[in-house]
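What follows is a short report on a single structure.
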Amino acid sequence: MHKDGRVDVVVVYKIDRLSRSLMDFAKLVEVFDRRGVTFVSVTQSFNTTTSMGRLTLNILLSFAQFEREVIGERIRDKFAASRARGMWMGGHPPLGYDVKDRKLVVNEAEATVVQMVFERFLKVGSATVLVRELAADGMTTKRGKPIDKGFLYKLLNNRVYVGDAVHKGVAHPGEHTAIIGRDLWSKVHAIIQQSPRIRAANTRAQAPALLKGILFGADGRAMTPTHARKGGRLYRYYVAAGLLKADTPPGVVRRAPAAELEAAVVDQLRGLLRAPELVVGTWRSARPEIEALSESEVREALLSLDPVWDELFPTEQARILQLLVERVDVHPDRLDLQLRVDGLQTLVADLRAGKPERRAA
(Lines give C-alpha, C1' and ligand atoms only; values in the text may rest on other atoms or scores of the structure.)
Protein backbone atom coordinates (compact mmCIF):
# COMPACT_ATOMS: atom_id res chain seq x y z
CA MET A 1 0.00 0.00 0.00
CA HIS A 2 2.88 2.36 0.82
CA LYS A 3 4.50 1.65 -2.56
CA ASP A 4 1.37 2.83 -4.34
CA GLY A 5 1.46 6.14 -2.50
CA ARG A 6 -2.08 5.74 -1.21
CA VAL A 7 -1.24 6.20 2.51
CA ASP A 8 -0.48 9.70 3.78
CA VAL A 9 -0.89 9.38 7.56
CA VAL A 10 -0.77 6.51 10.10
CA VAL A 11 -2.72 7.47 13.25
CA VAL A 12 -2.61 5.53 16.54
CA TYR A 13 -3.96 6.16 20.04
CA LYS A 14 -0.50 5.62 21.57
CA ILE A 15 2.74 4.69 19.88
CA ASP A 16 2.86 1.32 21.65
CA ARG A 17 -0.36 0.39 19.81
CA LEU A 18 1.75 0.08 16.67
CA SER A 19 4.57 -1.92 18.27
CA ARG A 20 6.26 -2.42 21.63
CA SER A 21 9.51 -3.51 20.01
CA LEU A 22 12.05 -0.74 19.58
CA MET A 23 13.75 -2.50 16.69
CA ASP A 24 10.52 -3.22 14.82
CA PHE A 25 9.28 0.34 15.34
CA ALA A 26 12.52 1.78 14.00
CA LYS A 27 12.12 -0.25 10.82
CA LEU A 28 8.51 0.92 10.42
CA VAL A 29 9.48 4.57 10.89
CA GLU A 30 12.21 4.14 8.27
CA VAL A 31 9.61 2.84 5.80
CA PHE A 32 7.27 5.72 6.66
CA ASP A 33 10.03 8.27 6.08
CA ARG A 34 11.05 6.67 2.80
CA ARG A 35 7.47 6.78 1.50
CA GLY A 36 6.62 10.19 2.89
CA VAL A 37 4.07 8.88 5.39
CA THR A 38 3.36 10.89 8.54
CA PHE A 39 3.09 9.02 11.84
CA VAL A 40 0.80 10.57 14.45
CA SER A 41 -0.04 9.57 18.05
CA VAL A 42 -3.31 11.09 19.27
CA THR A 43 -2.33 11.25 22.98
CA GLN A 44 1.41 11.93 22.63
CA SER A 45 3.03 14.95 21.04
CA PHE A 46 6.45 14.65 19.44
CA ASN A 47 8.19 15.83 16.29
CA THR A 48 10.33 13.22 14.57
CA THR A 49 11.95 15.81 12.32
CA THR A 50 14.14 17.09 15.21
CA SER A 51 16.78 15.24 17.21
CA MET A 52 14.93 15.93 20.48
CA GLY A 53 11.71 14.57 19.01
CA ARG A 54 13.41 11.37 17.88
CA LEU A 55 15.01 10.99 21.34
CA THR A 56 11.59 11.41 22.96
CA LEU A 57 10.15 8.79 20.62
CA ASN A 58 12.95 6.32 21.40
CA ILE A 59 12.50 6.87 25.16
CA LEU A 60 8.75 6.25 24.89
CA LEU A 61 9.35 3.10 22.86
CA SER A 62 12.02 1.85 25.27
CA PHE A 63 9.58 2.12 28.15
CA ALA A 64 6.87 0.43 26.10
CA GLN A 65 9.20 -2.48 25.33
CA PHE A 66 10.27 -2.66 28.98
CA GLU A 67 6.61 -2.75 30.07
CA ARG A 68 5.87 -5.56 27.60
CA GLU A 69 8.77 -7.66 28.84
CA VAL A 70 7.90 -7.14 32.52
CA ILE A 71 4.29 -8.17 31.86
CA GLY A 72 5.53 -11.29 30.03
CA GLU A 73 7.83 -12.22 32.93
CA ARG A 74 5.03 -11.80 35.46
CA ILE A 75 2.69 -13.98 33.43
CA ARG A 76 5.33 -16.69 33.04
CA ASP A 77 6.14 -16.57 36.77
CA LYS A 78 2.46 -16.77 37.66
CA PHE A 79 1.97 -19.71 35.30
CA ALA A 80 5.02 -21.54 36.72
CA ALA A 81 3.86 -20.95 40.31
CA SER A 82 0.37 -22.27 39.50
CA ARG A 83 1.79 -25.36 37.82
CA ALA A 84 4.06 -25.95 40.83
CA ARG A 85 0.89 -26.07 42.95
CA GLY A 86 -0.47 -28.72 40.58
CA MET A 87 -3.17 -26.52 39.02
CA TRP A 88 -4.57 -27.09 35.52
CA MET A 89 -3.67 -24.03 33.43
CA GLY A 90 -6.02 -24.49 30.52
CA GLY A 91 -5.89 -26.01 27.07
CA HIS A 92 -7.56 -29.11 25.69
CA PRO A 93 -7.93 -31.80 28.38
CA PRO A 94 -6.20 -35.11 27.58
CA LEU A 95 -8.12 -38.30 26.87
CA GLY A 96 -9.40 -39.58 30.22
CA TYR A 97 -10.21 -36.19 31.74
CA ASP A 98 -12.75 -33.38 31.48
CA VAL A 99 -12.45 -29.82 32.80
CA LYS A 100 -14.90 -28.63 35.45
CA ASP A 101 -14.47 -25.41 37.43
CA ARG A 102 -10.98 -25.04 35.89
CA LYS A 103 -9.89 -28.39 37.27
CA LEU A 104 -9.27 -31.79 35.69
CA VAL A 105 -11.80 -34.45 36.65
CA VAL A 106 -11.66 -38.09 35.58
CA ASN A 107 -13.92 -39.16 32.71
CA GLU A 108 -14.57 -42.75 33.76
CA ALA A 109 -15.32 -44.09 30.27
CA GLU A 110 -12.23 -42.51 28.75
CA ALA A 111 -10.08 -43.45 31.75
CA THR A 112 -10.90 -47.11 31.11
CA VAL A 113 -9.64 -46.69 27.54
CA VAL A 114 -6.40 -45.06 28.74
CA GLN A 115 -5.77 -47.91 31.19
CA MET A 116 -6.44 -50.42 28.43
CA VAL A 117 -3.93 -48.70 26.12
CA PHE A 118 -1.17 -48.80 28.75
CA GLU A 119 -1.86 -52.45 29.59
CA ARG A 120 -1.97 -53.53 25.93
CA PHE A 121 1.26 -51.69 25.15
CA LEU A 122 2.91 -53.49 28.06
CA LYS A 123 1.69 -56.77 26.58
CA VAL A 124 2.59 -56.27 22.90
CA GLY A 125 5.61 -53.97 23.37
CA SER A 126 5.14 -52.39 19.95
CA ALA A 127 3.53 -49.06 19.06
CA THR A 128 3.11 -50.17 15.44
CA VAL A 129 1.18 -53.30 16.39
CA LEU A 130 -0.89 -51.53 19.06
CA VAL A 131 -1.90 -48.67 16.74
CA ARG A 132 -3.06 -51.20 14.17
CA GLU A 133 -5.09 -53.10 16.77
CA LEU A 134 -6.62 -49.95 18.27
CA ALA A 135 -7.62 -48.68 14.84
CA ALA A 136 -9.19 -52.06 14.06
CA ASP A 137 -11.15 -51.78 17.32
CA GLY A 138 -12.45 -48.37 16.20
CA MET A 139 -10.72 -46.36 18.93
CA THR A 140 -10.34 -42.63 18.24
CA THR A 141 -8.86 -39.59 19.94
CA LYS A 142 -10.94 -37.29 22.16
CA ARG A 143 -11.78 -35.29 19.03
CA GLY A 144 -12.82 -38.36 17.06
CA LYS A 145 -9.70 -38.65 14.88
CA PRO A 146 -8.08 -42.03 14.09
CA ILE A 147 -5.29 -43.22 16.37
CA ASP A 148 -1.74 -42.87 14.99
CA LYS A 149 1.71 -43.49 16.48
CA GLY A 150 2.21 -39.80 17.28
CA PHE A 151 -0.93 -39.69 19.40
CA LEU A 152 -0.09 -43.03 21.04
CA TYR A 153 3.40 -41.91 22.12
CA LYS A 154 2.00 -38.58 23.34
CA LEU A 155 -0.53 -40.48 25.46
CA LEU A 156 2.05 -42.92 26.85
CA ASN A 157 4.42 -40.05 27.78
CA ASN A 158 1.80 -37.78 29.36
CA ARG A 159 2.59 -37.58 33.09
CA VAL A 160 -0.87 -36.19 33.77
CA TYR A 161 -2.00 -39.84 33.88
CA VAL A 162 0.14 -40.54 36.97
CA GLY A 163 -1.17 -37.42 38.73
CA ASP A 164 1.63 -34.98 37.83
CA ALA A 165 1.49 -31.43 36.56
CA VAL A 166 4.51 -30.74 34.32
CA HIS A 167 6.02 -27.34 33.56
CA LYS A 168 9.08 -27.07 31.29
CA GLY A 169 10.05 -30.68 31.95
CA VAL A 170 9.67 -30.47 35.74
CA ALA A 171 6.91 -32.61 37.28
CA HIS A 172 4.92 -31.43 40.31
CA PRO A 173 2.15 -33.26 42.20
CA GLY A 174 -1.12 -32.34 40.51
CA GLU A 175 -4.50 -31.50 42.00
CA HIS A 176 -6.21 -34.12 39.80
CA THR A 177 -6.67 -37.86 40.35
CA ALA A 178 -4.22 -40.23 38.65
CA ILE A 179 -5.50 -42.79 36.14
CA ILE A 180 -2.34 -44.90 35.80
CA GLY A 181 -0.37 -46.39 38.68
CA ARG A 182 3.34 -45.67 39.04
CA ASP A 183 4.23 -49.34 38.66
CA LEU A 184 2.45 -49.67 35.29
CA TRP A 185 3.95 -46.35 34.15
CA SER A 186 7.47 -47.54 34.99
CA LYS A 187 7.03 -50.85 33.17
CA VAL A 188 5.67 -49.15 30.03
CA HIS A 189 8.52 -46.62 29.98
CA ALA A 190 11.11 -49.34 30.44
CA ILE A 191 9.89 -50.65 27.07
CA ILE A 192 9.74 -47.18 25.47
CA GLN A 193 13.33 -46.47 26.50
CA GLN A 194 14.58 -49.50 24.60
CA SER A 195 16.23 -48.89 21.24
CA PRO A 196 13.63 -48.60 18.43
CA ARG A 197 15.68 -51.13 16.48
CA ILE A 198 15.46 -53.66 19.32
CA ARG A 199 11.71 -53.17 19.68
CA ALA A 200 11.23 -53.51 15.93
CA ALA A 201 13.22 -56.73 15.91
CA ASN A 202 11.14 -58.07 18.81
CA THR A 203 7.96 -57.23 16.92
CA ARG A 204 9.15 -59.10 13.84
CA ALA A 205 10.28 -62.05 15.97
CA GLN A 206 6.80 -62.25 17.49
CA ALA A 207 5.19 -62.60 14.05
CA PRO A 208 3.39 -65.96 14.03
CA ALA A 209 4.89 -68.84 12.09
CA LEU A 210 1.86 -69.73 9.95
CA LEU A 211 2.94 -73.33 9.36
CA LYS A 212 4.22 -74.22 12.82
CA GLY A 213 3.22 -77.79 13.72
CA ILE A 214 1.73 -78.68 10.33
CA LEU A 215 4.81 -78.60 8.05
CA PHE A 216 6.64 -81.83 7.16
CA GLY A 217 9.34 -82.88 4.76
CA ALA A 218 9.00 -85.56 2.09
CA ASP A 219 10.46 -88.12 4.54
CA GLY A 220 7.79 -87.27 7.16
CA ARG A 221 10.22 -85.32 9.31
CA ALA A 222 8.69 -82.22 10.96
CA MET A 223 9.99 -78.82 9.86
CA THR A 224 10.20 -76.19 12.59
CA PRO A 225 10.48 -72.39 12.39
CA THR A 226 13.75 -70.64 13.15
CA HIS A 227 15.35 -67.29 12.37
CA ALA A 228 18.71 -65.58 12.01
CA ARG A 229 19.88 -61.96 11.97
CA LYS A 230 22.36 -60.60 9.48
CA GLY A 231 23.26 -56.94 9.15
CA GLY A 232 20.40 -55.95 11.44
CA ARG A 233 17.80 -57.80 9.33
CA LEU A 234 15.72 -60.76 10.43
CA TYR A 235 15.54 -63.85 8.19
CA ARG A 236 12.98 -66.60 8.95
CA TYR A 237 13.27 -70.24 7.86
CA TYR A 238 11.70 -73.65 8.31
CA VAL A 239 14.24 -76.41 8.88
CA ALA A 240 13.92 -80.19 9.05
CA ALA A 241 14.39 -81.24 12.67
CA GLY A 242 17.73 -82.93 13.34
CA LEU A 243 18.70 -83.06 9.66
CA LEU A 244 22.24 -81.91 8.86
CA LYS A 245 23.39 -80.72 5.47
CA ALA A 246 25.73 -83.71 5.08
CA ASP A 247 23.04 -86.36 5.54
CA THR A 248 20.17 -84.79 3.59
CA PRO A 249 18.50 -87.60 1.56
CA PRO A 250 17.71 -86.97 -2.13
CA GLY A 251 14.33 -85.34 -2.69
CA VAL A 252 14.15 -83.97 0.87
CA VAL A 253 14.14 -80.23 1.60
CA ARG A 254 16.38 -79.48 4.57
CA ARG A 255 15.70 -75.73 4.86
CA ALA A 256 13.27 -73.33 3.16
CA PRO A 257 12.69 -69.56 3.50
CA ALA A 258 9.60 -69.05 5.66
CA ALA A 259 8.08 -66.12 3.75
CA GLU A 260 8.16 -67.91 0.39
CA LEU A 261 6.87 -71.18 1.85
CA GLU A 262 4.03 -69.50 3.74
CA ALA A 263 3.06 -67.45 0.68
CA ALA A 264 2.89 -70.61 -1.46
CA VAL A 265 0.68 -72.41 1.08
CA VAL A 266 -1.58 -69.38 1.47
CA ASP A 267 -1.91 -69.12 -2.33
CA GLN A 268 -3.03 -72.74 -2.52
CA LEU A 269 -5.45 -72.29 0.37
CA ARG A 270 -6.93 -69.13 -1.14
CA GLY A 271 -7.36 -70.96 -4.42
CA LEU A 272 -9.52 -73.46 -2.56
CA LEU A 273 -11.46 -70.64 -0.91
CA ARG A 274 -12.26 -69.13 -4.31
CA ALA A 275 -13.61 -72.49 -5.50
CA PRO A 276 -14.81 -74.15 -2.29
CA GLU A 277 -16.47 -77.16 -3.94
CA LEU A 278 -13.44 -79.32 -3.12
CA VAL A 279 -13.49 -78.29 0.54
CA VAL A 280 -17.24 -78.85 0.77
CA GLY A 281 -16.90 -82.25 -0.89
CA THR A 282 -14.17 -83.25 1.51
CA TRP A 283 -16.26 -82.11 4.45
CA ARG A 284 -19.36 -83.95 3.16
CA SER A 285 -17.58 -87.25 2.68
CA ALA A 286 -15.63 -87.11 5.93
CA ARG A 287 -18.25 -85.78 8.35
CA PRO A 288 -21.72 -86.66 7.09
CA GLU A 289 -23.08 -86.83 10.61
CA ILE A 290 -22.77 -83.07 11.20
CA GLU A 291 -26.28 -81.86 10.55
CA ALA A 292 -25.96 -78.47 12.22
CA LEU A 293 -23.89 -77.16 9.32
CA SER A 294 -25.29 -77.10 5.79
CA GLU A 295 -23.26 -77.21 2.59
CA SER A 296 -24.51 -73.77 1.57
CA GLU A 297 -23.31 -72.27 4.86
CA VAL A 298 -19.85 -73.76 4.38
CA ARG A 299 -19.66 -72.58 0.77
CA GLU A 300 -20.83 -69.03 1.55
CA ALA A 301 -18.48 -68.72 4.51
CA LEU A 302 -15.43 -69.81 2.49
CA LEU A 303 -16.33 -67.47 -0.39
CA SER A 304 -16.61 -64.54 2.01
CA LEU A 305 -13.21 -65.21 3.59
CA ASP A 306 -10.92 -64.81 0.58
CA PRO A 307 -11.71 -61.13 -0.22
CA VAL A 308 -10.85 -60.03 3.34
CA TRP A 309 -7.81 -62.29 3.87
CA ASP A 310 -5.27 -59.48 3.41
CA GLU A 311 -7.09 -57.35 6.00
CA LEU A 312 -6.74 -59.96 8.75
CA PHE A 313 -4.05 -59.78 11.41
CA PRO A 314 -1.23 -62.35 11.00
CA THR A 315 -2.36 -64.12 14.19
CA GLU A 316 -5.85 -64.53 12.76
CA GLN A 317 -4.48 -65.75 9.41
CA ALA A 318 -2.41 -68.35 11.27
CA ARG A 319 -5.44 -69.51 13.28
CA ILE A 320 -7.60 -69.91 10.18
CA LEU A 321 -4.84 -71.74 8.31
CA GLN A 322 -4.41 -74.12 11.26
CA LEU A 323 -8.18 -74.71 11.33
CA LEU A 324 -8.36 -75.61 7.64
CA VAL A 325 -5.06 -77.41 7.00
CA GLU A 326 -4.17 -80.74 8.60
CA ARG A 327 -0.61 -80.85 7.27
CA VAL A 328 1.65 -79.56 4.51
CA ASP A 329 4.21 -81.88 2.91
CA VAL A 330 7.17 -80.13 1.31
CA HIS A 331 8.74 -81.59 -1.84
CA PRO A 332 11.45 -79.97 -3.97
CA ASP A 333 8.93 -79.25 -6.73
CA ARG A 334 5.55 -78.99 -4.97
CA LEU A 335 3.52 -78.63 -1.79
CA ASP A 336 0.81 -81.12 -0.78
CA LEU A 337 -2.00 -79.87 1.48
CA GLN A 338 -4.25 -82.12 3.57
CA LEU A 339 -7.41 -80.38 4.74
CA ARG A 340 -8.76 -80.46 8.28
CA VAL A 341 -12.51 -80.77 8.03
CA ASP A 342 -13.00 -80.69 11.81
CA GLY A 343 -12.22 -76.96 11.92
CA LEU A 344 -14.82 -75.96 9.34
CA GLN A 345 -17.62 -75.77 11.86
CA THR A 346 -15.60 -73.48 14.18
CA LEU A 347 -14.48 -71.32 11.25
CA VAL A 348 -17.98 -70.91 9.83
CA ALA A 349 -19.33 -69.99 13.27
CA ASP A 350 -16.62 -67.34 13.66
CA LEU A 351 -17.27 -65.91 10.21
CA ARG A 352 -20.99 -65.69 10.81
CA ALA A 353 -20.30 -63.86 14.08
CA GLY A 354 -17.81 -61.52 12.41
CA LYS A 355 -15.12 -62.66 14.82
CA PRO A 356 -11.88 -62.64 12.74
CA GLU A 357 -9.92 -59.52 13.63
CA ARG A 358 -9.01 -57.22 10.76
CA ARG A 359 -6.29 -54.66 10.35
CA ALA A 360 -7.13 -50.98 10.09
CA ALA A 361 -8.11 -49.90 6.63
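The values are calculated or read from the model by the stated rules, or taken from the named source; none is laboratory data. Here the structure is a predicted model, which means the values were calculated and not measured. Every residue, glycine as well, gets a Cβ built from its backbone with ideal geometry; the counts of neighbours run over all protein chains shown. All accessible areas refer to the heavy atoms of the entire protein, side chains included, with ligands and DNA or RNA removed. Shrake-Rupley method; radii C 1.70, N 1.55, O 1.52, S 1.80 Å.
Numbers below:
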| quantity | calculated |
| --- | --- |
| Solvent-accessible area of residue 103 with every protein chain in place, 1.4 Å probe, in Å² to the nearest 10 | 110 |
| Burial order of peptide ranges 136-147, 111-122 (average beta-carbon count within 10 Å, highest first) | 111-122, 136-147 |
| Förster radius 45 Å - calculated FRET efficiency between residue 123 and residue 14 (Cβ-Cβ, nearest 0.05) | 0.10 |
| Accessible area expressed per residue, region 100-148, with surrounding protein chains retained (probe 1.4 Å, Å²) | 58 |
| Burial ranking of peptide ranges 28-35, 125-132, 57-64 (average Cβ count within 10 Å, highest at the top) | 125-132, 57-64, 28-35 |
